[in-house]
Structure formats: C-alpha cells, structure tokens
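Enquirer: Have a look at the structure that comes next, please.
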Amino acid sequence: MSLCINPQCQNPDNPDNLLRCQSCDSELLLEGRYLVRCQLGEGGFAKTYEVSDRTNIPKVLKVLSKKEPKPVEQFQREAQVLTRLNHPGVPQGEESFTFYPKNSQEPVYCLVMEKVEGENLQEWLEKGKNRPIGEKTALNWLNQLVKTLHEVHQQQLIHRDIKPSNIMLKPDGGLVLIDFGIAREITGTYEQKQAAGQLTKVVSDGYSPLEQVNGSAVPQSDFFALGRTFVHLLTGEHPLNLCDHNRHDIYTDELEDWRDKATQISSLLGDFIDKLMARPMQKRHADTQTILERLAEIEQTLYPHKQKKQKLSNSETATNWQNVTL
C-alpha cells in the first residue's frame with residue numbers, strides 16, 4: 001500500500017502499482033523516488049511517515065501541516081540543519097522539497113531523513129514506570145549527548161529544546177538528539193536581534209533557563225536544559241514536579257532538593273549536574289570540551305578499575321599489532 005499526502009485527499013490509501021492517487025489524482029511517487037508506506041505519528045506542526053525508495057532502506061518523511069510563516073521558517077531551518085550536520089547523534093537529513101497536490105497552488109513542505117529506530121526517553125521512562133536511571137547509565141548517556149552537542153555547537157548552532165522527548169534511545173544503546181525546528185545559528189544577525197529583543201521566545205517549562213525565557217539563548221542554555229533532563233532521568237520526575245510552587249519561582253530558583261530523590265548517584269555527579277543547570281549563566285561550564293574533560297575526571301575517580309582495564313586493553317591491542325608487523 002502507498003499513501004497520498006495531499007492534506008485534502010478523502011481516501012489516501014492506494015495499491016502499490018499506482019503512480020497517482022485513485023482518489024485525488026495527486027502524485028504518489030514523490031520526487032520520482034519516494035513512496036509513502038505508513039503514517040508514524042503526528043504532533044506539533046507536522047506529520048511523519050515511513051517512506052521507501054529503490055535502496056529499500058526505510059526513511060522518515062516529515063510533512064508540515066501548518067502554512068503560517070513561523071512554522072514554515074522553523075521547518076526549513078530544521079531541514080537546513082539536518083542536511084548540514086553529519087554525526088551519529090543527529091538524524092541525517094537527505095533532502096527537502098515542496099510537493100504540490102493536484103489542482104492546488106498551496107505547497108506541502110517535505111523533509112526526508114534517516115529513520116531512527118527506538119523510543120524517545122520520555123516514552124522510555126513512562127514505559128518503565130518512571131524508574132530512575134543509575135549512575136553508570138547517566139555517565140554513558142551524558143558522554144554521548146555532550147559529544148553530539150559539541151558537534152552542534154562547533155557548527156555555531158544552539159539546539160534550544162533539549163528534553164527527554166527530544167532524545168531517541170536506539171536498540172544498540174546509542175542516543176540521538178532530534179527536533180531541530182527551533183535551533184538557531186549564532187550569526188551577526190542573530191546577535192543583533194538578540195540585543196534588540198527581537199527573537200522569538202521558545203520555552204519548554206522546567207527545562208529552559210531564564211535567559212532563554214527572555215529571548216537571549218546562548219550555547220550554555222543547552223547545558224542548563226541538559227542538566228534538567230538528567231534531573232528528570234535520575235529522579236523519574238519532571239523538573240516542574242520538583243519545584244515547590246509556594247516557595248519557588250520555576251524560572252529563577254534552583255532545584256535544591258532534587259538530589260534527595262536521586263540517592264543512587266555520588267556527590268561528584270550531583271555537583272556536576274548542579275553546575276550544568278546553575279541559574280547564573282557564568283557559573284555553568286564554559287563549553288562542551290570542558291564538560292567532556294570533567295566527565296572523564298569523574299569516571300576516573302568513580303571507576304578507576306574500568307580505566308585501568310581500558311588502558312590494558314589498548315596496550316594489548318598495540319602489542320598484537322606489533323607482533324603482526326614483525
């Protein structure tokens with residue numbers, strides 16, 4: 001079966017042997033290569049589908065369902081970012097295009113990208129009855145995500161929406177950062193708009209720092225959201241549930257008591273996460289390289305035997321290669 005993506009189509013289901021929809025006569029073979037196989041989901045401003053082409057590798061087609069200027073701008077920005085980044089922690093964008101249904105002058109905006117198998121961490125938590133993760137898992141996941149963020153920031157991009165629902169866990173244990181629709185490139189224009197207070201404010205309550213709420217997001221804003229994400233993962237509770245709304249302002253005060261619900265972690269990791277999400281931006285880590293170095297120090301302190309084992313393994317590998325060359 002193949003599906004028609006014309007928003008006005010009354011009967012989008014079609015047999016495989018057709019090039020045009022039997023209901024509305026719109027093209028089914030998009031860009032002369034993609035057949036839409038099934039709908040995967042719908043949320044926000046877009047629908048997602050699974051598509052196939054001659055490679056027989058399943059891919060994702062994201063279709064914008066809103067035509068207002070701001071959603072279109074965000075959709076086009078995500079397409080630009082995903083086709084520009086080349087990192088295993090980010091879905092690889094293949095191409096973007098506009099599709100015109102039969103007898104319509106209204107474009108349908110489309111983006112084809114890598115299909116990431118697995119669950120997002122929000123789903124993963126809920127299916128596990130919100131059971132908190134352990135310290136080793138936290139360190140593993142932090143290393144993966146910060147390495148991905150390093151690549152994102154090296155490209156002068158700020159993600160601006162890090163939270164469990166925007167992180168995919170693959171069956172092989174890899175993490176993928178998704179949803180770059182509100183990512184921003186740090187350019188002279190961006191800084192001018194930021195100074196003039198002309199940037200659109202985008203906020204995920206409980207995860208976004210105050211400067212982002214005020215329309216002044218910087219790379220360190222991603223660190224704050226990453227810290228809040230791990231508070232959620234390590235406690236099993238949304239950061240908003242950890243705020244005493246009678247005593248605290250969720251946008252200005254720190255989560256002082258979250259560590260009481262994360263007794264499975266050391267003070268080293270707790271202090272590290274507190275620094276990630278420090279309210280004064282100047283108290284956060286300077287950049288992703290600094291974070292990776294600190295994570296390595298924490299792992300060395302907490303698991304020295306693991307480090308020795310890795311060094312021994314590397315030494316044995318080097319010896320084996322020497323024997324081969326001899």
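The numbers here are math on the coordinates, done by the rules we state, and not lab data. Model, not experiment: these values are computed from the prediction. Don't worry about glycine lacking a Cβ; one is built from the backbone with ideal geometry, like all the others, and counts go over all protein chains shown.
Enquirer: Could you calculate the contour length gain from Gln289 to Arg20, that is, 0.36 nm times the residue separation minus the distance between their Cα atoms, to one decimal place in nm?
Expert: Full-extension gain reported as 91.7 nm.
Enquirer: Would you kindly give the portion of the calculated P(r) for segment 78-162 that falls above 23 Å, as a percent of all Cα pairs?
Expert: Summing the P(r) of segment 78-162 above 23 Å gives 42 percent of all pairs.
Enquirer: Report, in whole Å, the centroid distance computed from the Cα atoms of segment 205-223 and segment 1-80.
Expert: 33
Enquirer: Check the straight Cα-Cα distances from Lys136 and name the aspartates and glutamates below 12 Å, setting aside those fewer than 8 residues away within the same chain.
Expert: Result set, ordered by chain and number: Glu299.
Enquirer: Evaluate the Debye formula for segment 199-240 with equal point scatterers sitting on the alpha carbons, no solvent, and hand back log10 of I(q)/I(0) at q = 0.24 Å⁻¹, in q order, two decimals.
Expert: Debye output, listed in q order: -0.74.
Enquirer: Give me the distance in nm between label points sitting 7 Å out from Cα along the Cα-to-Cβ direction at Lys170 and Gln122, one decimal.
Expert: About 2.2 nm separates the two model spin labels.
Enquirer: Compute the angle between helix 288-302 and the longest alpha-carbon principal axis of the chain, please, reported from 0 to 90 degrees and rounded to the nearest 10.
Expert: Tilt relative to the chain: about 50 degrees.
Enquirer: Please give every one of the aspartates and glutamates within straight-line cross-link reach of Lys283, meaning a C-alpha to C-alpha distance under 13 Å, and leave out same-chain neighbours fewer than 8 residues apart.
Expert: The reachable aspartates and glutamates, counting only those whose Cα sits under 13 Å from Lys283, are Glu254, Asp271, Asp274.
Enquirer: With viscosity set to 0.890 mPa s and temperature to 25 °C, compute the Stokes-Einstein D of segment 10-114, Rh being the Kirkwood radius across alpha carbon pairs; µm²/s, no decimals.
Expert: 169
Enquirer: On the Cα set of segment 119-305, report Rg and Dmax in Å, please.
Expert: 16.0, 53
Enquirer: Pull out the extension gain between Lys136 and Tyr303, defined as 0.36 nm times the separation in residues minus the alpha carbon to alpha carbon distance; nm, one decimal.
Expert: 59.2 nm is the gain from fully extending Lys136 to Tyr303.
Enquirer: Among (i) 1.03; (ii) 1.07; (iii) 1.00, which is the computed Rg/Rh (Cα atoms, Kirkwood Rh)?
Expert: This structure yields the entry labelled (i).
Enquirer: Same structure again: How far apart, in nm, are two points set 7 Å out from the Cα along the Cα-to-Cβ line at Gln156 and at Asp260?
Expert: Rounded to a tenth, the inter-label distance reads 4.7 nm.
Enquirer: Next up: Nearest 0.05, what FRET efficiency do Arg33 and Met1 give at R0 = 25 Å with Cβ-Cβ as r?
Expert: Using R0 = 25 Å, I get an efficiency of 0.90.
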